[in-house]
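Working notes, structure below.
The values are calculated or read from the model by the stated rules, or taken from the named source; none is laboratory data. Quick caveat: nothing in here was measured; it's all calculated off a predicted structure. All Cβ positions, even for glycine, are placed from backbone atoms using ideal geometry, and neighbour counts span all protein chains on display.
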Ligand code: WTA
């Protein structure tokens, strides 16, 4: 984040009181109640979480202990001995209440006319059919199923069918390209991959099955591929005995084929979801059934003040944790109506979101700052055309929201009246951790406000990050366990332990500051991750994709501030000797990243340098490269460098590049 933006963020002094209208029926109403709940939850966490788990979920068998903690190993097991099933909680138990014929899932396809709606009863039928189908392919409790699918109802159905069987799903974002998909399938050793012929994006078909085929040659664990005929492509190649069309597979199971739920242990893994870590390999975060689902339902109810008649829309793709927790598991566990949208906000026109809000009378909208910034740039005319008066609560997630975007969202979407819940959390935390409560918390634009009840967040130690002057920037940690925290890292105990190695409690990898009111200001990642448009990417993975090109001797990837994306990728490249610094090479490098990881990771800028700044032991000092990419005036102390002379050359190259010239162009006299 640039110094300028940070200064703007931290000098933002305006605050907004929670709305009065709606307060009397809110789950948490007013500051006093909120503080009392927070106090109680920290004083007696086990009592608090036990009560929430009883209120929110159906348990086949109650727990022996709310929490069993092995502090030495940092292993925390919630609701030990308890039995439940996530699919039962998200569907079956609503069938015996007045919710049976309520819309559970409303799907809006990319084309305006493509709408599908599933009541809880219909969802039950579909999920049972798919559970039977997976079972016929010999998928059993504990098996892994990979889902490489677009935002279509079949994705939600497949997730719930896996949960019903006790199979562990791993969704893979449909925007990932070869390397990203391969590493996730290989890591999870999935026996089945469910995909579609193609995803539909901005009027174009983006093939998924064809993308998958070459990858599968290197994934021996995969016995079958199930393909949804979504885009109706003509030339989908299907390998005999391995590939099966979704419709053919489920056709064999009659409509009234109940599939009894597997009785799962609270600490059985519900799903695996990979996130970018500090190594070249994605981190397979495992979430539990009981703790995760409790935490998902709990935060959905309180952060969004969810009530039975709300239509709730979380715009995140199901390939990310936000889609899991707030698109599916949280809202369905509560018996709510969740909306799913396949398209993009600006296609065919930048009014898609507002059109959907009006069409379905959406009450709660949860989206990302990058979306707000891109819509803000296109002007208010698009929001003004629609009746957005059904909206009651707005949410934001994925990256710090800059006050300018916050105010635009507040004014043009929320008519200056609606609360904005800026929720800070991570794949590893399962659900929101630091967030306002809509009818209880005074809002400060740009701050995620205070930790939620039972969450003991703190800022510890010093971190190298630019913050408000005179105030220490530290590392954001969580000192006490909470039910949504990950069970572990799949097949990587060392990686799991590394989260606890510095402070003996969970370290998030984010830098933060706390102000005099106890409000948290998140400053972004301080590890080797970059947050592009709210998506976490690993610098190490991108560097590996770049150095796989034979022309490259060394690569160093750092974040640069970006108006729309929040952060973008800036790559420094030292080409091998005799390789010319050409535009062709730049294009080739971008293409390599796009093909390996996906378009999301494509570098915004590529700067050629003759050498990287290094310590005498040969380690690249990324800190200085980060400052240069961010246009910082001062690159910091260069005395630790073995080759300080390269800094001036890199700065000159950067300045030339930003003026649209070649790096090694002669410097003009000012
Ligand atoms: C960032 C997404 C500031 C943060 C739920 C975190 C945020 C990373 C916020 C996790 C927010 C998420 N304000 N930063 N409200 N929400 N982040 O695992 O850097 O995809 O560590 O989970 O996103 O990204 P992940």
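Do we have residue 329 as modelled with pLDDT of 95 or more, farther than 21 Å from residue 407 by Cα and surrounded by 20 or more Cβ atoms within 10 Å (Cβ to Cβ) here? When the stated conditions are applied, residue 329 passes them. Conditions first: (1) under 20 Å from residue 316 (Cα atoms); (2) at pLDDT 95 or above. Residue 456 passes all but one, so which condition is the exception? For residue 456, the exception is condition (1). Please go through (1) within 16 Å of the ligand (Cβ to nearest atom); (2) touching a helix residue (DSSP H, G or I) at 6+ places or on another chain (Cβ under 7 Å) for residue 522 and return the number of the only condition it doesn't satisfy. The failed condition is (2).
For residue 179, the conditions (1) at pLDDT below 95; (2) part of a helix (DSSP H, G or I); (3) within 21 Å of residue 325 (Cβ to Cβ) are fulfilled apart from (3).
Residues 33, 71: which one is exposed (fewer than 13 other Cβ atoms within 10 Å of the Cβ) and out of contact with any strand residue (DSSP E or B) (no Cβ under 7 Å at 6 or more places or on another chain)?
Criteria check complete, one pass: 71.
For the range 425-440, which positions are under 20 Å from residue 534 (Cα atoms) and either near the ligand (Cβ under 10 Å from one of its atoms) or out of contact with any strand residue (DSSP E or B) (no Cβ under 9 Å at 6 or more places or on another chain) (or both)? Hits for the range 425-440 are 425, 426, 427, 428, 429, 430, 431, 432, 433, 434, 435. A residue that is within 16 Å of the ligand (Cβ to nearest atom) and under 22 Å from residue 424 (Cβ atoms) occurs somewhere in the range 538-549. The condition of being part of a strand (DSSP E or B) and either more than 12 Å from the ligand (Cβ to nearest atom) or touching a residue at least 60 places away in the same chain (Cβ under 8 Å) (or both) holds for only one of 462, 458, that being 458. Can you tell me how many residues in the range 74-110 are in a strand (DSSP E or B) and out of contact with any strand residue (DSSP E or B) (no Cβ under 7 Å at 6 or more places or on another chain)? Here the count works out to 1.
In summary, residue 453 fulfils each of the numbered conditions (1) within 15 Å of the ligand (Cβ to nearest atom); (2) out of contact with any strand residue (DSSP E or B) (no Cβ under 8 Å at 6 or more places or on another chain) with the single exception of condition (1).
Could you figure out which of (1) within 14 Å of the ligand (Cβ to nearest atom); (2) touching a helix residue (DSSP H, G or I) at 6+ places or on another chain (Cβ under 8 Å) isn't true of residue 319? It fails just one condition, (2).
Please tell me if residue 422 is free of Cβ contacts under 8 Å to residues at least 40 places away in the same chain, away from the ligand (no atom under 14 Å from the Cβ) and either within 23 Å of residue 453 (Cβ to Cβ) or part of a loop (DSSP other than H, G, I, E, B) (or both). Talk me through it step by step, then tell me what you get.
Details: free of Cβ contacts under 8 Å to residues at least 40 places away in the same chain: yes; away from the ligand (no atom under 14 Å from the Cβ): no; either within 23 Å of residue 453 (Cβ to Cβ) or part of a loop (DSSP other than H, G, I, E, B) (or both): yes.
Here the answer is no, as residue 422 does not meet what is asked.
Would the range 441-448 turn up any residue that is more than 16 Å from the ligand (Cβ to nearest atom), within 30 Å of residue 293 (Cα to Cα) and not in a helix (DSSP H, G or I)? Yes, some residue in the range 441-448 is more than 16 Å from the ligand (Cβ to nearest atom), within 30 Å of residue 293 (Cα to Cα) and not in a helix (DSSP H, G or I). When 293, 273 are screened for being assigned to a helix (DSSP H, G or I), crowded, with 21+ Cβ neighbours inside 10 Å, touching a helix residue (DSSP H, G or I) at 6+ places or on another chain (Cβ under 7 Å) and assigned by TED's automatic domain parsing to the domain that holds residue 163, only 293 passes. Of all residues in the range 189-206, those satisfying the criterion of being surrounded by fewer than 20 Cβ atoms within 10 Å (Cβ to Cβ) and within 17 Å of residue 146 (Cα to Cα) are 189, 191.
Summed over the range 395-417, the residues that are closer than 29 Å to residue 525 by Cβ, away from the ligand (no atom under 13 Å from the Cβ) and not in a helix (DSSP H, G or I) give a count of 1.
Scanning the range 507-516 for residues that are touching a residue at least 60 places away in the same chain (Cβ under 8 Å) and either assigned by TED's automatic domain parsing to the domain that holds residue 554 or away from the ligand (no atom under 11 Å from the Cβ) (or both) returns 513, 515. Find all pairs meeting these conditions: Cβ atoms under 8 angstrom apart; at least six residues apart or on different chains; first residue within the range 56-67 and in the same structural domain as residue 330 (by TED's automatic domain parsing); second residue at pLDDT below 95 and assigned to a loop (DSSP other than H, G, I, E, B). Cβ pairs passing all conditions: none. Which residues, counting only those in the range 200-218, are out of contact with any strand residue (DSSP E or B) (no Cβ under 8 Å at 6 or more places or on another chain) and either not in a helix (DSSP H, G or I) or not assigned by TED's automatic domain parsing to the domain that holds residue 183 (or both)? Within the range 200-218, 201, 202, 203, 204, 217, 218 qualify. Among the residues making up the range 593-617, those that are surrounded by fewer than 19 Cβ atoms within 10 Å (Cβ to Cβ) and in contact (Cβ under 8 Å) with a residue 24 or more places away in the chain are 594, 595, 599, 600, 604, 605, 610, 611, 614, 615, 616. Can you spot a residue in the range 587-601 that is within 20 Å of the chain's Cα centre (by Cα), assigned to a strand (DSSP E or B) and closer than 28 Å to residue 434 by Cα? Within the range 587-601, not a single residue is within 20 Å of the chain's Cα centre (by Cα), assigned to a strand (DSSP E or B) and closer than 28 Å to residue 434 by Cα. Every test in (1) under 24 Å from residue 317 (Cβ atoms); (2) crowded, with 16+ Cβ neighbours inside 10 Å is passed by residue 564 save one, and that test is (2).
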